[in-house]
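The values are calculated or read from the model by the stated rules, or taken from the named source; none is laboratory data. Everything quoted here is computed from the prediction, not taken from an experiment. In this analysis, Cβ positions are derived from the backbone assuming ideal geometry, glycine residues included, and neighbour counts consider all displayed protein chains.
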Amino acid sequence: MYRKKILTFLSSAAAVITLLSCTVISPTSPTSGASLTPSDRQTELKAEYSALSTASGTVFTLDPGQSTVRIYVFRGGRAAAAGHNHVFSAPRFIGFFYLPATGAANGRFDLAFRLDQLEIDNPKYRSALGSAFSSILSPEAIKGAREHMLGVNNLQADQFPFVRVHSLQITGESPKFVAKVQIEMHGQQHAMWIPLTVEGLPERLAVAGTFVLRQTDFGVQPYSVLGGFLAVQDAVVIEFKLIGDRGQP
């Protein structure tokens with residue numbers, strides 16, 4: 001009787017193990033066909049700039065295919081040498097720039113993208129950055145970086161996918177300008193000044209700039225494990241070159 005019970009238990013356990021071994025759990029990843037923003041956000045931006053295009057001035061629509069948006073995230077903590085620097089990029093976004101007849105200093109612009117659509121550690125981008133980014137990361141390491149920095153304990157991309165950069169004020173003279181922008185991220189808004197180089201106007205728009213953003217300014221605690229033994233630095237560098245053509249949204 002006892003032997004029979006043991007054999008029955010082992011048979012059941014084997015069946016469970018077989019079932020689990022045949023079950024594949026697919027990792028969660030951004031949907032490539034997802035819209036850039038909730039439809040009301042996208043529609044709102046397009047409506048704003050469509051209205052401006054009927055005024056005295058020109059609207060430029062930013063082109064993701066010709067533009068670059070890079071976000072550089074740096075390793076930190078006492079074991080920083082064991083970690084990796086990361087390059088995030090935004091291959092999909094919407095953006096507009098309004099150039100009034102009175103000049104760029106009186107213009108405005110908006111750029112919006114989704115965190116859950118960011119590309120992480122494209123080998124081509126890493127190899128162009130030198131030794132600090134030269135290592136090619138495995139798919140598992142890239143998946144881990146996405147989970148750590150965009151997951152529920154950090155930027156919470158599922159809950160707060162939307163990032164918007166909205167200009168509040170532009171000063172300067174071509175080609176050098178300074179823009180006060182309001183950045184909306186993680187459900188919070190923060191204003192800062194960023195330098196811009198603007199070229200090509202009035203026929204075409206090419207605007208480039210770099211600025212530093214601190215995650216804690218938006219209520220985000222940078223990724224950290226083992227009491228900070230391995231961590232991500234609070235400050236990240238955002239570098240962009242945006243190309244736009246004349247035309248309505």
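Before we move on, is Gly57 surrounded by fewer than 16 Cβ atoms within 10 Å (Cβ to Cβ) and at pLDDT 85 or above?
Details: surrounded by fewer than 16 Cβ atoms within 10 Å (Cβ to Cβ): no; at pLDDT 85 or above: yes.
No: the conditions fail for Gly57.
Answer yes or no as to whether His166 is within 18 Å of the chain's Cα centre (by Cα) and either in a strand (DSSP E or B) or loosely packed, with under 15 Cβ neighbours inside 10 Å (or both). Full working, then the answer.
Working: within 18 Å of the chain's Cα centre (by Cα): yes; either in a strand (DSSP E or B) or loosely packed, with under 15 Cβ neighbours inside 10 Å (or both): yes.
Considered against the rule, which asks whether it is within 18 Å of the chain's Cα centre (by Cα) and either in a strand (DSSP E or B) or loosely packed, with under 15 Cβ neighbours inside 10 Å (or both), His166 comes out as yes.
What do you reckon, is Val178 more than 16 Å from the chain's Cα centre (by Cα), free of Cβ contacts under 8 Å to residues at least 40 places away in the same chain, in a strand (DSSP E or B) and at negative phi?
Working: more than 16 Å from the chain's Cα centre (by Cα): yes; free of Cβ contacts under 8 Å to residues at least 40 places away in the same chain: yes; in a strand (DSSP E or B): yes; at negative phi: yes.
Judged against the criteria, Val178 is a match.
Among the residues of segment 70-79, are any among the charged types (D, E, K, R), part of a loop (DSSP other than H, G, I, E, B), under 25 Å from Ala235 (Cα atoms) and more than 23 Å from the chain's Cα centre (by Cα)? Write out each step before concluding.
Start the filter on segment 70-79 by keeping residues that are among the charged types (D, E, K, R), which leaves 70, 75, 78.
Remaining after also requiring part of a loop (DSSP other than H, G, I, E, B): 78.
Within this subset, residues satisfying the condition of being under 25 Å from Ala235 (Cα atoms) are 78.
Adding the requirement that they be more than 23 Å from the chain's Cα centre (by Cα) leaves 78.
Yes; the residues of segment 70-79 include at least one that is among the charged types (D, E, K, R), part of a loop (DSSP other than H, G, I, E, B), under 25 Å from Ala235 (Cα atoms) and more than 23 Å from the chain's Cα centre (by Cα).
Kindly provide the set of residues from segment 128-162 that are in contact (Cβ under 8 Å) with a residue 24 or more places away in the chain, in a helix (DSSP H, G or I) and over 22 Å from Asp234 (Cβ atoms), ordered by number.
Lys143
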